[in-house]
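Asker: Got a structure for you, written out below as structure tokens; questions coming shortly.
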Amino acid sequence: MAPKTSPEIGGMGHSVKRKEDPRFLRGQGNYVDDVVLPGMLYLDIVRSPYAHATIKSIDTSKALAIPGVLAVITGKDLEKYNLHWMPTLMSDTQMVLPVEKVMYQAQEVAAVLATDRYIAADGVEAVEVDYDPLPVVVDPKKALLPDAPVLRTDKKDKKDNHIWHWEWGNREATDQLFRDAEVTVKQDIYIPRIHVSSIETCGCVAHFDKVTGKLKVWMTTQAPHAIRTVFALVAGHVGLSEEKIQIISPDIGGGFGGKVPVYPGYVIAVAASVLTGKPVKWIEDRMENLQADSFARDYHITAELAGNKDGKLTALRIKTIADHGYTDAAANPSKFPAGLFHVCTGSYDLKAAHVEVDGVYTNKPPGGIAYRCSFRVTEAVHTIERMADLMAHELNMDAAELRMKNFIKPEQFPYKSALDWEYDSGNYGAALQLAMDKVGYAELRKEQAEKRARGELMGIGISSFTEIVGAGPSKHFDILGLKMFDSAEIRVHPTGKVIARFGTKSQGQGHETTYAQIIAEELGFPVANILVEEGDTDTAPYGLGTYASRSTPVAGAACAIACRKIKDKARKIAAYLLEAHEEDLEWEPGKFFVKGSPDRAKTIQEISLAAYTNHPPGTEAGLEAVNYYDPPNLTYPFGSYICVVDIDKGTGEVKVRRFVAIDDCGNIINPMIVEGQIHGGLTMGLGPALYEEIQYDESGNCLQGSFMNYLVPTAVETPNWETGNTVTPSPHHPLGAKGVGESATVGAPAAIVNAVVDALWHLGVRHIDIPITSAKVWKLLREAGVRG
Ligand code: CDP
């Protein structure tokens, strides 16, 4: 679609260079750890070596004897203020610091407050904790056995480790379709724990001013307003009142869902600042970050797909055990304990489906964050895309053909899925066809057959995913009761320059540029003259924050609507200035003119000045607007990815030779930024597909607690991504846009796994759980009698 505005204005469709990049490229970003305040103290945390143990005693004397160590805070200290436990985002409870026992390795046990970061670390080494180890449960299936030790002994009536059971869909209809099916496939799929591993770890600087009673917290959070409200609710009884809490999210070095939860470190730092009246800084190190927070996935899935011999799919049935660690701290909308997992019917027109999920406690850190994914959509997409491939292979049908046969057709939109979602728009066949053309699908299949005849291992994998982003319509979506709308506040200055503030918070997505482009599109101000601010609760309008690719679908829409309010007023001012009727005016980007007399025009800059110097009698001065946008529906971006792999028979190494990604996020605001989102997302899909997994041994020791053994792909591992797109606008979004930030991370892993299984199917391989390490493939090859 050709842009409607000139490059100077830079509205939608222009690849405007990111306004935020000059400060990042020059090392002038302002991250939490850059905040330095006079008299600031430093906090470091004593962590448990045990995954489950009673705390018999904590001896702080040696630590307190270190010059510069000012205090050691324990759970008992916080208990005095009833701050030793806090609520989680799923209305469970979580320890800030333990009083009786620890529940996972690396759990916070005590905090040392010192005049220097390194002295605080020395203090941590000197704290002596006497533990009495308890039996450990790391396997959620074992946690459900009748003789498993009950972990949450703090919950008086709890007699097992089961958190909740949740199900959705039509069980009877699904079972009947399975009974009637000509063919069914069934597969256990484990989607392991992984970590977001953003460049910046978590941390905060808390500053409580004893004179004014104001608490200011610079914090690595993706949702500053919600955090402010949670702080006010949790600590209201110790005098923290919401108007006196200011949360500032400065530049953030990657969030990906991991900076949504409230980690104990934040709360301890705030408590320490309130107690001392001094600013307190807490910054996690990399190993703390990898061992104690931001865990995603950990779903043990059993999926079944039913269909007919001609390849027509009919029903899907899924049972899942969700390992949430020791508390349910998942960042899901309240109504959906398994997130949006029930979008698992994907891009296919099924008659019925039924999904069951059981949440389980284990001795692991809390999991369930929406890692670059709209609340469990990655798990859903992985499952359906694996199952579709299994069915195709089972029927000896081409994987693309099976998909084409079962896609929801363009004319079926808006489409009500078997699990009750109303998909807004889509054209799945077009995206897959484009991907097939771009990759040269037919030739690749020929090449594969030839190679197979020669004993070489080559595979082609497809993933035709549908996402669900833009939480959300407030009738269905809230977190802790806070409805999931979002907001924009736009003010035009007299000289025609703009400041705009939002309830979201960019963590690298480029909002300073793309929101400015929406304003440029709607009002014709050049992007260069628009300042976008987010993340300061004292100035930004209330919003639920940035995660689950919701910024464009929700705050982007709020931005467009606020602009339209401003444009309505600008029209009135223009009519007054031009002595014309409003209805006789026409708009072209940047000016109103009288129909048929293009010379009788007023630019948006002239109108802005008049709003303050010569506004129409009887109207208010000024030119500004606010909008709180409650979307009527979610948006459903989609895509088709095709991956080509070659497998080394000697080492089992999987080499991604080609990867074609066709995405559709509706109308695009900034094509360059969208491409960047896709590239990053694809690499973050490659990681879990081939390398990343956080494992625990029987004693609950975390086996991937550093980057020495947790491989995040770098440029060396990353193949050349070949991207492209189709455009299917969202019919209900004011700009026709859908979210895109997470599509590639969601869609990529299944394409890679499908390619690897496709390469090995003739050897009897039906499924491989991610990550597909060389060792796993090597073992399968040896079992099949293949030698290098
Ligand atoms: O919520 P988050 O910013 O992570 O995700 P998003 O709404 O999908 O947006 C990611 C980035 O891509 C933002 O800078 C958006 O403005 C941009 N984008 C775009 O230019 N066009 C779209 N249709 C969707 C997103």
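The values are calculated or read from the model by the stated rules, or taken from the named source; none is laboratory data. Keep in mind it's a predicted model, so treat the numbers as computed, not measured. Cβ placement follows ideal geometry from the backbone for every residue including glycine, while neighbour counts extend to all protein chains displayed. What goes into the accessible areas is simple: the full protein's heavy atoms, side chains included, and nothing from ligands, DNA or RNA. Shrake-Rupley method; radii C 1.70, N 1.55, O 1.52, S 1.80 Å.
Asker: Go ahead and run the numbers for FRET between L531 and R787, Cβ-Cβ distance against an R0 of 56 Å, rounding to 0.05.
Answerer: Values: r = 64 Å, r/R0 = 1.14.
Plugging the Cβ-Cβ distance into 1/(1 + (r/R0)^6) gives 0.30.
Asker: Of the options S91, A111, G123, report the single residue whose Cα projects farthest towards the positive end of the charge dipole of the range 87-145 (beta-carbon charges: Lys, Arg +1; Asp, Glu -1).
Answerer: S91
Asker: Highest mean first, what order results for 539-552, 270-283, 696-709 on Cβ atoms within 10 Å? Each step should come with its number before you reach the end.
Answerer: Values: 539-552: 27.1, 270-283: 22.4, 696-709: 15.3.
Descending mean neighbour count gives 539-552, 270-283, 696-709.
Asker: Take the Cα of L37, step 7 Å along the line toward its Cβ, and report every residue of the range 203-241 whose backbone nitrogen sits under 12 Å from that point.
Answerer: Residues 204-219 qualify, since their backbone N sits under 12 Å from the label point.
Asker: Then there's this: So how far, in whole Å, is the C-alpha centre of the range 286-348 from the one of the range 59-129?
Answerer: First find each Cα centre; the distance between them is then 34 Å.
Asker: Moving to a separate point now. Residues of the range 705-745 with amide nitrogen under 19 Å from the 7 Å Cα-to-Cβ point of D437?
Answerer: Backbone N within reach: 722-729.
Asker: Here's another thing I want to ask about it. Tally Lys/Arg at +1 and Asp/Glu at -1 over every other residue whose Cβ is under 11 Å from the Cβ of K214; what's the total?
Answerer: Details: positive: K210, K216, K244; negative: D209, E243, D538.
Computed value for this residue: 0.
Asker: While we're looking at this one, here's another question. Can you tell me which of 338-347, 480-489 comes out highest on packing, and rank the rest after it, using the mean Cβ neighbours within 10 Å? Display every interim value, and only then the final one.
Answerer: On the way: 338-347: 26.7, 480-489: 20.9.
The densest-packed peptide leads the list: 338-347, 480-489.
Asker: If the reach is capped at under 13 angstrom between alpha carbons, list the aspartates and glutamates near K738, excluding any in the same chain fewer than eight residues apart.
Answerer: Correct list for K738: D424, E467, D663, D664.
Asker: Under a 1.4 Å probe, what is the accessible area of the range 514-606 per residue, stated in Å²? All intermediate terms of the calculation are to be shown ahead of the outcome.
Answerer: Working: 3330 Å² over 93 residues.
About 36 Å² of surface per residue is accessible.
Asker: In nm, to one decimal, how far is the E422 label point from the Y542 one, both placed 7 Å along Cα→Cβ?
Answerer: 2.6 nm
Asker: Run the 1.4 Å probe and let me know the accessible area of L145, rounded to the nearest 10 Å².
Answerer: Only protein atoms counted, so the area is about 90 Å².
Asker: State whether the range 712-788 is rounded, prolate or oblate according to the following rule on the C-alpha gyration tensor (a ≥ b ≥ c being the square roots of its eigenvalues): a/c under 1.5 gives rounded; otherwise a/b larger than b/c gives prolate, and the remaining case gives oblate. All intermediate terms of the calculation are to be shown ahead of the outcome.
Answerer: On the way: a/c = 3.47, a/b = 2.42, b/c = 1.43.
Note, shape of the range 712-788 comes out prolate.
Asker: Distance from a point 7 Å along Cα→Cβ of N308 to each backbone N in the range 406-431: keep the residues under 18 Å and list them by number.
Answerer: Once the point is set 7 Å along Cα→Cβ of N308, 406-409 turn out to lie under 18 Å by backbone N, inside the range 406-431.
Asker: Return the aspartates and glutamates within reach of K244: Cα separation strictly under 16 angstrom, same-chain partners fewer than 8 residues apart disregarded; answer none if there are no such residues.
Answerer: Filter leaves D209, D536, D538.
Asker: Once the Cβ-Cβ distance between R23 and V211 is put in as r, and R0 is 35 Å, what FRET efficiency do you end up with, to the nearest 0.05? Could you put the intermediate results ahead of the total?
Answerer: On the way: r = 33 Å, r/R0 = 0.94.
Step by step, r from the Cβ atoms, then E = 0.60.
Asker: Output the pairs from K80/K364; K101/K159; K158/K475; K19/K216; K319/K405 with a Cα-Cα distance over 22 Å in this structure; if there are none, say none.
Answerer: Details: K80/K364 27 Å; K101/K159 18 Å; K158/K475 32 Å; K19/K216 27 Å; K319/K405 26 Å.
Cα-Cα > 22 Å for K80/K364; K158/K475; K19/K216; K319/K405; rest within.
Asker: Beyond 18 Å between alpha-carbons counts as too far, so tell me which of K565/K595; K76/K278; K312/K351; K141/K335; K56/K76; K214/K483 fall in that bin.
Answerer: Numbers: K565/K595 21 Å; K76/K278 21 Å; K312/K351 11 Å; K141/K335 25 Å; K56/K76 12 Å; K214/K483 26 Å.
Cα-Cα > 18 Å for K565/K595; K76/K278; K141/K335; K214/K483; rest within.
Asker: Another one. Would you mind calculating the gained length between E411 and N720 on full extension (0.36 nm times residue separation, minus the Cα-Cα distance), in nm to one decimal?
Answerer: Working: separation 309, 0.36 × 309 = 111.24 nm, distance 3.48 nm.
Between E411 and N720, full extension yields an extra 107.8 nm.
Asker: Which distance in Å, rounded to a whole number, links the C-alpha centroids of the range 720-746 and the range 547-620?
Answerer: 29 Å
Asker: Further question on the same structure: About the Cα centre of the range 452-560, how large is the charge dipole given +1 on each Lys and Arg Cβ and -1 on each Asp and Glu Cβ? Please answer in debye to the nearest 20. Before the final figure, lay out each step's value.
Answerer: On the way: 9 positive and 12 negative charges, 70 e Å.
Dipole magnitude for the range 452-560 comes out near 340 debye.
Asker: Rank S464, S597 by accessible area, highest first, at a 1.4 Å probe radius? Show your work: numbers first, answer last.
Answerer: On the way: S464 0, S597 40 Å².
Output order, biggest surface exposure first: S597, S464.
Asker: Once you order the gyration tensor axes a ≥ b ≥ c over the Cα atoms, which shape class does the chain get: rounded for a/c under 1.5, otherwise prolate or oblate by comparing a/b with b/c?
Answerer: Oblate, since a/c reaches 1.5 and b/c is not below a/b.
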